[in-house]
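The values are calculated or read from the model by the stated rules, or taken from the named source; none is laboratory data. Everything quoted here is computed from the prediction, not taken from an experiment. FYI the Cβ positions are ideal-geometry reconstructions off the backbone, even for glycines, and counts take in every protein chain you see.
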Amino acid sequence: MTLSNGHLTLPCKTRPSSSQADTLSMAVDQHHDHVSGNSHPSGSGDASPEIQPEEGSCQESWLASKATALELCQGGHYEEAEQIYRQLIAEGFSDASVYCNLGNLCRLNGRKQEGLELLHKSIRVDPHHANGFFNIGIVYQQDANNPIEAIRSYRKALACNPQLKLALRNQGVSFYSLGRAWGAFICFKRYFSLTSSEPALLLDTARLNNKLYPNVIAAYQGRLEVEPSDSSTAICLSIALREVRLFEQAALANAVCLSASPNCAQLWLEQACCLMELGDMTQTIAACDEVLKLEPENFNAYFTRGNAFRNTGNLVEAERSMQSAVTLNPEFADALVNLAIYKRDQGLLDEAIGMFKQAISLNTTHPEGWEGLLFSYSIGGTRYRNEVLSASEAYWGILAQEAAATPKDASKAARLKRRTSKVSNQAVSSSKATQQCSKPRIGILSAEIGHHVVSTFLDSFLSYYNRETLEVELIVPSQRKESGTIELASKASAFINLQGKDEEAARELLRSRSYDILIETSGHTEHNSLKLLSQRCAPIQCHYIGYHATTGLATIDYILADYELLPHELDPFFIETPWRLTRPWLACMPYAEPPLAISTAQSAAPVWGSFGQVAKIREETLAHWACALRAVPTATLVIKDRNTVFEVARERILESLERQGVARNRVCFLPWTKTWLEHMLCHNQIDIALDTTPWSSSTTAFNALAMGVPLVAIRGQTMAARMSASIVSGLGKPEWICETEEEFAATLVKLSNTVPALRASKQLLQADVLGSQLFDGKDLTQHLESAFSQMITSHAQANPLLIEL
C-alpha cells in the first residue's frame, strides 16, 4: 500500500523520440513507503517479507489491533490507523513495523520531523528492519535532498533484505542525481535483473555518460535473448541503438521482436523512427499504418507519418496527417509547430503565428516553436518589426530563468559563467598572440553544410580565403547526408562534428579551439546551434548569411550585412552591431554551371515569373503584382514552387488577384522539378522575374539573374524585405528597384515594352551577371578577410591583455 502518490522526477539529459520510452523518466516510486504488517499490502508485490510476531512476545489483542490498523490504512482511514498505532506504543507494544508505519503516517500528514524520529526508532527496535532503513532513505532523498545519506540508508536496507528491489532502484536514482552514472548503472542493472519493469532507467545512465551505451545495449540484448517478446525492453534497445546512430542494427532488432510481438503498436512506432533515420520513407509510412491499424487514434503515428510524407514531397498528405495528430491531441506542441510550418509555407502567416504561439503556451521553452515564431516575425514586414527583437529577447530571458529556477542548473550556470569568463580572457590573449605569432583562427558554426543554399554562399569564402594568413574551421551540429558536404568540408582547415555532444561538452570543444572569431550561419532556423553561443565561446561572435533579422542574443556581437541590406535607420531593431561591407553581403557559388540562357517563350506577349516560395506570396506581394498586371493587360504570370500542390494556396493567390481585377487565366502554376538543372531551365520560359515583399528574393534572385532574366525588386523596411534590393544594386541596376506599387507597375511596363530585346539579349545579361560581384567569390572573400582583421584589432584594443601575477 502506498501512503503517498508523490514521486521524485529527475530529468533525462535527452529524450527519446516517438517511442513508449519517451514518457519514462527517473522516479522514486514509493511502493515501499507503506504500512508494513503481518500481511502483504494490497497493490505492492514488492513488499518486504511479513513480520511474524515472536512466540509469546505480545498478547493476542495487540496483534489483532495491529492487523486492524493495517486494514484501516489499506482503506485510506489514516487517522483511525494512527490512533491505534499510538495506543499500541502507549501500551508498551515494541514492534519495528508499528514505529515504521506510524512514522510514514506522520510524514504523510506533514509532520516530517516526528515521522523521521519514529522511523529511526523502528531500526533501533529492530536493527535488521529493512523497511525502516528504506523509508529513512526516502526521507533523505525526498525531504532532505541529501542523496549521499539516502544511498547509505538504501545500502543498509539491502543488507537486511537483498531482494528489496525498490531500494536498488532508489539507490540508483540517488547516484543519478549526483551525476554518478556508473553507480546508477550498477544499481539499475541489478534492479533490471530482478524485474522486467522500467528498462528506460538504464538508458538514462547512458545519456548521463555515453561510455555506458555498450553496457546498456548489452543488458537489453541479454534480456531479449531470454524474453524475445519483451517489447518494452526492445523499444529501449532500439532507442539506445538510434542514439549511437546504429540505425540498421536497431531496425533489425525491431524486426526480430516484431515477429514475436506483432501487435505491439509502440514497437511499430519505434520501427518507423528507425526507418525514417535510414531514409526509407515508404517503409516508415507502412510502419505508421501498422500502428494505426492497432491504435487508430495514435497521434504519434500520424505525426511520424506526416513527417515521412513531407520527406517524400507529398505535402498534401503530410498536412493531413499532421492535422490528424493535432485533432487527436490538441496539446501536441510538436505537431502544432509542424502544422504551423505547413500553413506558413502556404502563405498563411497569421494563422501560422497563432499556432506557434499556441505551441509555446503549451511548452514555454519549445525550441522549434520559438524558432518558428521568430522566423515568422522576421518575414512579416513592418507589422511585426518590433516583435522580432522583443520576442527573441524574451525567448533568451525565459531560457535564463529556467536555468536559474533549478538549483542544480543554476550552480552549473554559475560554474560555466566563471569558466566562460576565464576562457574568454584566454581566447583574447590567444588572439593577441596570434596577431604576432600565428594565423587568426575563424570558426564557422553551420547547420547547412551540404546541399543547402547557405552552402552556395559559404563556398564563395571557403574557396578563396588565404590559407597562408588565415585558419578557417567548419563546425556542424550534425553531419548532413547530402552530396557536397564532404567536398565543402575539405575546403576548410578542419571539420568538426558536434553530433552526440551535450551543450556543455560542445561549448568546451568550441572554446578549446581558441577561435578569434566564431561565425554562426543559421540564426532562428532549423537545426540551429544559437543556444551554444548564449554562453560565450569566442571573444568575437557573429551572425552571417542564414537569417535576416536580429538573433536577440546579447553574446552575438556583429551581424554581417551591407549598406543597402541594412541601412542605419534599421539599427534600433538589432541587438547586434551591424558590420557593413562595401559590396553585396553575399556572392554565390552555384551547385554547377548554370545552363545556357535562351528564351523558350511561346507567346509574343510578356511572360513574368516568380519562382520563390509561396510563403512569400502574401497580400502585400499580390497587391504589387495586381497593379502591374493591370498596367500590362497582355502579360501572363508563371508561379513555380513545390507548395502550389496545395489547392488552398493556389486558390488564395487566384482569388486575391481576381478581386484586384486580374483574370484567373492570366496565371499558371509550374510543377516542382526534381533537379536544380531542371529548375534553372524553367527560367527560359519567362522574360521578367517579379520580386516578393516583405520577404524578398535572395537565392531566387541569384537564380533568375544568372539565367539572364531581369528582376524587378521591391525595397522594404526590414532586412528580409531588402535582400533583393541589395542584389540588384550590386549588379548596378538601381532602375530595377522599386518602393511603391506604382513604381513597380511602371518599371514592369517599361521592361515589358522591350520583350523582344530582353529575349534576344538573355545570354548577354547572363554573362554580365556571372561576371559581376554577385558571383565573385574572390572579391567577397577579400572584403570578409578585411572585416575579420578589423574586428580582431578592434577587440584587442578594447580588451587589453590582462597579466596575472
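What to note about this one:
- Test: residue in the stretch 539-555 that is assigned to a loop (DSSP other than H, G, I, E, B) and free of Cβ contacts under 8 Å to residues at least 24 places away in the same chain: yes
- The lone criterion from (1) touching a helix residue (DSSP H, G or I) at 6+ places or on another chain (Cβ under 8 Å); (2) at pLDDT 95 or above; (3) under 28 Å from residue 209 (Cα atoms) left unmet by residue 287 is number (3).
- Residue match in the stretch 700-712 (condition: in contact with a Lys or Arg (Cβ under 6 Å, 6 or more places away or on another chain) and not assigned by TED's automatic domain parsing to the domain that holds residue 459): yes
- Residue 154 being more than 28 Å from the chain's Cα centre (by Cα), without any contact (Cβ under 8 Å) to a residue 60 or more places away in the chain, over 30 Å from residue 505 (Cβ atoms) and outside any loop (DSSP other than H, G, I, E, B): yes
- Residues in the stretch 767-792 that are under 14 Å from residue 470 (Cβ atoms) and of a type in the set (S, T, N, Q) were compared, and the one that is surrounded by the most Cβ atoms within 10 Å (Cβ to Cβ) is 781.
Every residue, every condition in (1) of a type in the set (A, V, I, L, M); (2) touching a helix residue (DSSP H, G or I) at 6+ places or on another chain (Cβ under 8 Å), yes or no:
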{"position": "570", "(1), (2)": "yes, no"}
{"position": "586", "(1), (2)": "yes, yes"}
{"position": "609", "(1), (2)": "no, yes"}
{"position": "613", "(1), (2)": "no, yes"}
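Yes/no matrix, rows are residues, columns are (1) modelled with pLDDT of 95 or more; (2) assigned by TED's automatic domain parsing to the domain that holds residue 699; (3) over 20 Å from the mean Cα position of the chain (by Cα):
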site	(1), (2), (3)
522	yes, no, no
526	no, no, no
553	yes, no, no
560	yes, no, yes
569	yes, no, yes
573	yes, no, yes
598	yes, no, yes
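- Subset tally (residues that are out of contact with any strand residue (DSSP E or B) (no Cβ under 6 Å at 6 or more places or on another chain) and part of a helix (DSSP H, G or I)) for the stretch 706-725: 2
- Residue within the stretch 597-610 that is closer than 17 Å to residue 721 by Cα and touching a residue at least 24 places away in the same chain (Cβ under 8 Å) present: yes
- Flag if residue 442 is farther than 16 Å from residue 519 by Cβ and either at pLDDT 50 or above or surrounded by 18 or more Cβ atoms within 10 Å (Cβ to Cβ) (or both): no
- At least 2 residues being crowded, with 16+ Cβ neighbours inside 10 Å and touching a His at 6+ places or on another chain (Cβ under 9 Å) is the threshold, and among the strands (runs of 3 or more DSSP E) wholly inside the stretch 567-671 those reaching it are 577-581.
- Within the stretch 735-756, at least one residue is of a type outside the set (Val, Ile, Thr), part of a loop (DSSP other than H, G, I, E, B) and modelled with pLDDT of 95 or more.
- Considering (1) free of Cβ contacts under 8 Å to residues at least 12 places away in the same chain; (2) under 20 Å from residue 747 (Cβ atoms), the lone condition that residue 635 does not fulfil carries the number (1).
- Number of residues in the stretch 122-151 that are in contact (Cβ under 8 Å) with a residue 60 or more places away in the chain, farther than 18 Å from residue 99 by Cβ and crowded, with 21+ Cβ neighbours inside 10 Å: the value is 1.
- Candidate set from the stretch 743-766 (those that are surrounded by fewer than 20 Cβ atoms within 10 Å (Cβ to Cβ) and among the charged types (D, E, K, R)); member that is nearest to residue 714 (Cα to Cα): 743
- Annotation note: Cβ proximity below 6 Å between a residue of the stretch 186-204 that is touching a residue at least 40 places away in the same chain (Cβ under 8 Å) and of a type in the set (A, V, I, L, M) and a residue that is surrounded by fewer than 24 Cβ atoms within 10 Å (Cβ to Cβ) and part of a loop (DSSP other than H, G, I, E, B) (sequence gap 6+ or interchain) occurs for 200/24.
- Positions within the stretch 69-91 being out of contact with any helix residue (DSSP H, G or I) (no Cβ under 6 Å at 6 or more places or on another chain) and not hydrophobic (A, V, I, L, M, F, W, C), in sequence order: 71, 74, 75, 76, 77, 79, 83, 86, 87, 91
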